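Chemist: Let me begin by handing over the structure; questions about it come next.
The values are calculated or read from the model by the stated rules, or taken from the named source; none is laboratory data. Quick caveat: nothing in here was measured; it's all calculated off a predicted structure. Methodologically, a virtual Cβ is constructed for each residue, glycine included, from the backbone with ideal geometry; neighbour enumeration extends over all protein chains shown. Note: accessible area is taken over every heavy atom of the protein model, side chains too, but ligands, DNA and RNA are not part of it. Shrake-Rupley method; radii C 1.70, N 1.55, O 1.52, S 1.80 Å.
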Amino acid sequence: MNVLIVFAHPDPRSLNAALRDVAVAELTAQGHTVEVSDLYAMGWTAAVDRADFPQLAPDARLRIAAASSDAFAAGALTDDVTAEQDKLLRADALILQFPLWWFAMPAILKGWVDRVFAYGFAYGVGEHSDRRWGDRYGEGVLAGKRAMLVVTAGGWEPHYGPRGVNGPIDDLLFPIQHGVLHYPGYAVLPPFVAYRVDRLDDAGFDEVADRLRARMRTIETDAPIPFRRQNGGDYLIPSCELRPGLEAPGASGFALHRDERDA
Ligand code: FAD
């Protein structure tokens, strides 16, 4: 497979950088081809602004989705954005790797999503009617590809458990795994999360690195998180509400959107 790692940490001597190198080495040893977008090293521009749309008339109001749609259709997005889109199209699997910062991804990575996932590329795709509501949530330009998160966190694992004070990790990662990755079509693999890493010693690093290597060995075969396909019959169209009675007993909130029938 071709694997793209989009990496967001400012320090090349960081734990995250060491883990990225572990992942690259293991994927390469498995015969995969790996490309890395090291966002800080690339000097990635995080904020969407007018400079993203050079063809926009100077006096025109900047309406982001419309400008994004027009620029994508005209092939007029900036070179840095189209280069990332080309990498995504080349890659069979995408890894987003980052330290958890304020229960979310670092701003530079969010800015990569905001700019690269353009209208017509990652959203605004497909027919919107009373039969379908676009090609999204399991369908779309990136359908057929795999994606996963590699995340480090300072907090302890139980802090992120079902009753943990930080909230369950599946819930915290839902906006990325479901909203950013499943939305444009990816099959999303369970995340790799390393907890309590801020004072990791060598033995701790070896344990985390071994777990990461094991996940890299199964990236092609791991079963994805069973997020439902929007147009697969589970949702009413156009309200996009889950049909009554499909949820697992007691499920609510984000858990509604996982089909656990085969679990
Ligand atoms: P580093 O600081 O680079 O290293 C961590 C430890 O690993 C160090 O002790 C280092 O010596 C050791 N280490 C062991 N082996 C190696 C090796 N081979 N190479 C490099 N280092 C090694 N945590 C949460 O849980 N939730 C949050 O919401 C959250 N928000 C945060 C917000 C901010 C702004 C910041 C700065 C931190 C936050 N944290 C949070 C903590 C954060 O998630 C961790 O600090 C981060 O995941 C650690 O990753 P790192 O790559 O920066 O580690």
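Chemist: In whole Hz, with x marking every Gly and Pro, tabulate ³J(HN,Hα) for segment 133-138 from phi via Karplus 6.51 cos²θ - 1.76 cosθ + 1.60, θ = phi - 60°.
Modeler: 10, x, 8, 8, 6, x
Chemist: Something else: Take every DSSP beta bridge whose two residues both sit in segment 2-225, then give the antiparallel share in percent to the nearest 5.
Modeler: 10 percent
Chemist: Give a residue-ordered list of calculated ³J(HN,Hα) values for segment 191-198 (Karplus: 6.51 cos²θ - 1.76 cosθ + 1.60, θ = phi - 60°; whole Hz; x for Gly, Pro).
Modeler: With the stated coefficients, segment 191-198 comes to x, 9, 10, 9, 9, 6, 8, 5 Hz.
Chemist: Calculate the spin-label point distance for A66 paired with R163, positioning each point 7 Å from the Cα along the beta-carbon direction, and give it in nanometres.
Modeler: The two pseudo-label positions are separated by 5.3 nm.
Chemist: Could you size up the charge dipole of segment 43-168 around its Cα centre, putting +1 on the beta carbon of Lys and Arg and -1 on that of Asp and Glu, and report it in debye to the nearest 20?
Modeler: 340 debye
Chemist: Can you tell which of V36, N16, A107 lies farthest toward the positive end of the dipole of the chain, using +1 and -1 charges on the Cβ of basic and acidic side chains (Lys, Arg; Asp, Glu)?
Modeler: A107
Chemist: Separate question: With a 10 Å radius around each residue's Cβ, average the other Cβ atoms per peptide and rank 136-142, 39-45, 23-29, highest first.
Modeler: So the order, starting with the most tightly packed, is 136-142, 23-29, 39-45.
Chemist: What are the residues whose amide H is under 5 Å from the amide H of A194, where those residues sit 5 or more places off or on another chain and H is modelled from the backbone?
Modeler: Those qualifying (amide H under 5 Å, at least 5 residues apart or on another chain) are V151, T152, A153.
Chemist: Then there's this: How big is the charge dipole of segment 2-225 about its Cα centre, in debye rounded to the nearest 20, if each Lys and Arg gets +1 on its Cβ and each Asp and Glu gets -1 on its Cβ?
Modeler: Charge dipole of segment 2-225: 340 debye, to the nearest 20.
Chemist: Further question: Of the accessible area of the chain, with the probe set at 1.4 angstrom, what percent is carbon plus sulfur?
Modeler: Answer for the chain: carbon and sulfur cover 53 percent of the accessible area.
Chemist: I've got another one for you. Around E35, which amide H atoms from residues at least 5 apart in sequence, or from another chain, sit under 5 Å from its own amide H, with H modelled in the peptide plane?
Modeler: HN-HN under 5 Å from E35: V3, L4, I5.
Chemist: Kirkwood hydrodynamic radius of segment 42-114 from all distinct Cα pairs, in Å?
Modeler: It works out to 13.8 Å.
Chemist: Hey, another quick one. Considering all alpha-carbon pairs of segment 2-225, what whole percent are spaced by more than 31 angstrom?
Modeler: 23 percent
Chemist: Right, something else. For segment 91-213, how big is Rg over Rh, using alpha carbon atoms and the Kirkwood form of Rh?
Modeler: Radius of gyration relative to Kirkwood radius: 1.04.
Chemist: I've got another one for you. Per residue, how large is the accessible surface of the chain? Use a 1.4 angstrom probe and give square angstrom.
Modeler: In whole numbers, the chain has 49 Å² accessible per residue.
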